[in-house]
Amino acid sequence: MSTVKLTGLSLIMAAVLLEVFAQLAIKRGTARAAKETERYAVFRYLTRLARDAWIQCSVALHVVELLLWIAALKMVPLSVAFPIGSLSYAGVALGGHYWQGEKLDGRAAAAIAMIMAGVTLICWVWV
């Protein structure tokens with residue numbers, strides 16, 4: 001594998017990890033803000049979201065992720081990069097299950113396996 005392909009793949013995987021952590025941080029921040037806000041107090045809820053450390057962390061992670069993604073697209077064709085980016089869906093589902101206690105049933109596990117198989121096929125052909 002060439003250095004350019006390896007660098008591009010590394011940038012995409014780093015972006016995927018940041019996306020997963022950013023989404024999990026959003027979930028954590030919105031859950032905390034919802035618990036602290038009265039019903040129908042939309043402005044208060046939005047203000048709490050803006051001040052929440054988890055939400056701020058998520059925004060920062062998304063900014064860095066975007067920069068990594070832009071750099072990766074210089075090295076990896078979009079037809080390869082975008083399917084690899086779909087690993088974030090699997091990562092968020094797994095992270096939600098293990099970090100936030102969300103249910104992960106057999107159908108979701110099968111979907112995660114299919115995403116991983118698809119990404120493996122794309123990478124196998126591209127490399």
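We did not get these values from a lab; they are worked out from the coordinates using the rules stated. The structure presented is a predicted model; accordingly, all values stated were derived computationally and were not measured. Here Cβ is always computed from backbone atoms with ideal geometry, including for glycine, and neighbour counts include all displayed protein chains.
In degrees between 0 and 90, to the nearest 10, how far off the longest principal axis of the chain does helix 53-73 point, with axes built from Cα atoms?
20 degrees
With angles folded into 0 to 90 degrees, how steeply does helix 87-100 sit against the dominant principal axis of the chain? Use alpha carbons for both and round to 10.
40 degrees
Within a 10 angstrom radius of the beta carbon, how do Phe21, Phe82, Phe43 rank from fewest other beta carbons to most?
Phe43, Phe82, Phe21
Only one of the listed values, (1) 152; (2) 178; (3) 120, was derived from the coordinates as volume of the Cα convex hull per residue in Å³; which label is it?
Label of the calculated value: (3).
Could you work out the local net charge near Ser88, counting Lys and Arg as +1, Asp and Glu as -1, over the other residues with Cβ closer than 13 Å to its Cβ?
Neighbour charge sum, excluding Ser88 itself: -2.
Would you mind ranking Lys103, Lys27, Lys74 so that the residue whose beta carbon has the fewest other beta carbons within 10 Å leads the list?
The order, fewest Cβ neighbours first, is Lys103, Lys74, Lys27.
Can you tell which of Leu61, Gly29, Met75 lies farthest toward the positive end of the dipole of the chain, using +1 and -1 charges on the Cβ of basic and acidic side chains (Lys, Arg; Asp, Glu)?
Highest projection toward the positive end goes to Gly29.
In deg cm²/dmol and to the nearest 500, what is the mean residue ellipticity at 222 nm of the chain if only DSSP H runs of at least 4 residues count, each as -39500 (n - 2.57), divided by the residue total?
The helix contribution divided over the chain gives -28500 deg cm²/dmol.
Could you tell me the number of lysine pairs in the chain with C-alpha atoms less than 26 Å from each other, where the two lysines are 8 or more residues apart or belong to different chains?
For the chain, qualifying lysine pairs total 4.
For the chain, calculate the relative contact order in percent as a whole number, restricting contacts to Cα pairs under 8 Å that are 6 or more residues apart.
36 percent
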